[in-house]
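Asks: Got a structure for you, written out below as structure tokens; questions coming shortly.
Only the coordinates and a few stated rules stand behind these numbers; no lab work does. Since we're looking at a predicted model, the values are computed, not measured. Cβ coordinates were reconstructed from backbone atoms using ideal geometry, including for glycine residues, and neighbour counts include every protein chain displayed.
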Amino acid sequence: MKNDLVNPRLAREWQTMTAMVRIFCRDQHHPDEGLCAECQQFLDYAGVRLERCRFGVEKPTCAKCPVHCYQRERREQVRAMMRYAGPRMLWEHPVMSLRHWLDGFRKAPEI
Ligand code: SF4
Ligand SMILES: [Zn+2]
């Protein structure tokens with residue numbers, strides 16, 4: 001299954017993920033511009049996971065997902081990024097943060 005990231009719900013997920021990775025990379029890796037290679041690779045991986053998410057537009061936030069489709073190493077990577085970037089998102093992207101927080105109340109559909 002390939003999800004359409006133009007869908008508002010999935011587009012929002014994508015924007016949030018991209019914003020968090022940018023904050024993390026900017027502060028931790030100080031690339032000259034854009035993302036460093038490692039973070040770009042991570043974002044590419046996250047994009048594929050999102051496109052293939054089995055829940056489609058019904059998806060919960062990944063943090064509350066009962067499945068967790070990320071590889072173990074990637075999961076640890078995303079946790080570290082979220083831990084750092086999550087609180088900073090409130091200041092840098094308050095509306096996006098609020099929406100993501102509200103999306104966190106979605107329950108995953110039965111599998
Ligand atoms: S972790 Fe869960 S919600 Fe996130 S992309 Fe994977 S299956 Fe979908
Ligand atoms: Zn980086």
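Asks: Taking region 75-88 as the search range and keeping residues that are under 12 Å from the mean Cα position of the chain (by Cα) and in contact (Cβ under 8 Å) with a residue 60 or more places away in the chain, which one is nearest to Lys64 (Cα to Cα)?
Replies: Per the stated criteria, the residue is Met82.
Asks: List pairs: first in region 14-42 and free of Cβ contacts under 8 Å to residues at least 40 places away in the same chain, second within 16 Å of ligand 1 (Cβ to nearest atom) and small (Gly, Ala, Ser), Cβ under 9 Å, 6+ apart or cross-chain?
Replies: The qualifying pairs are Trp14/Ala46; Trp14/Gly47; Met17/Ala46; Met17/Gly47; Thr18/Ala46; Thr18/Gly47.
Asks: Given the options Arg83, Arg88, name the one that is in contact with a helix residue (DSSP H, G or I) (Cβ under 7 Å, 6 or more places away or on another chain), over 16 Å from Trp14 (Cα atoms) and not aliphatic (A, V, I, L, M).
Replies: Result of the check over Arg83, Arg88: Arg88.
Asks: Related question: Can you list the helices (runs of 4 or more DSSP H) found entirely within the chain that contain at least 2 residues being out of contact with any Pro (no Cβ under 6 Å at 6 or more places or on another chain) and small (Gly, Ala, Ser)?
Replies: In the chain, 8-28, 37-51, 72-92 are the helices (runs of 4 or more DSSP H) which contain 2 or more residues that are out of contact with any Pro (no Cβ under 6 Å at 6 or more places or on another chain) and small (Gly, Ala, Ser).
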